[in-house]
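I have placed the structure first, in the form of structure tokens, so that the comments after it can refer back to it.
Values in this text are rule-based calculations from the coordinates and carry no lab data. This is a predicted model, so every value here is computed, not measured. As a convention, Cβ positions derive from the backbone with ideal geometry for all residues, glycine included, and neighbour counts pool all protein chains shown.
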Amino acid sequence: MPLHEFDPPERFITAAVGPPGQRTFFLQVSGGGRRITVSLEKEQVKILGERLADLLDQVAGFEGAPEAAEGLADNAPLDTPIEDDFRVQSLSLAWDPGTRRVVIEAHEVPPPEDETEAELSPEEVVLAGHIRVVLPPPMARAFAQRCATALEGGRPNCPFCGQPLDPGGHICPRANGFRR
């Protein structure tokens, strides 16, 4: 799968599908008659949203301020059918000072400088999925806010250990193995 570039996309969102504790997280980008949906981990969504907000706070100035994203919020659900084109293994986030845009990349395999790349054949690397999304700061801020929203609605955390609570409770390490 070659590199798919969206500069800028018509729509770039993240959302979770499924009941709390069994949710699957997706990124979906569309533009120019194309739509790519990829699955990723909850922690990847969390870190991407946090780092994106930090990046905008540091370099984007007023155009990346939370007020600039008002009216750009996309709270609509994922487009159907929801089938992932690939599973994200690594994400990268960058600021392009020349165009004053945020660049987000999602890769099916780790980037080439990673040592694990040597384990893959050249054919596997060529067929791996890669997405590059270039966002103006207001759209990037709206996406960061959507990341935070996508994380809500999960299982509540245990007040003692902070781990997610299952409906039937859990074995709490802070309670020396007793169920709470």
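Selection of region 159-180 for residues being farther than 29 Å from Ala106 by Cα and within 25 Å of the chain's Cα centre (by Cα) yields Gly162, Leu165, Asp166.
Please determine whether any residue of region 70-80 is loosely packed, with under 14 Cβ neighbours inside 10 Å and of a type in the set (Ser, Thr, Tyr). Yes, because at least one residue in region 70-80 is loosely packed, with under 14 Cβ neighbours inside 10 Å and of a type in the set (Ser, Thr, Tyr).
With respect to Gln44, determine if the residue is not hydrophobic (A, V, I, L, M, F, W, C) and not in a helix (DSSP H, G or I).
Numbers: not hydrophobic (A, V, I, L, M, F, W, C): yes; not in a helix (DSSP H, G or I): no.
Here the answer is no, as Gln44 does not meet what is asked.
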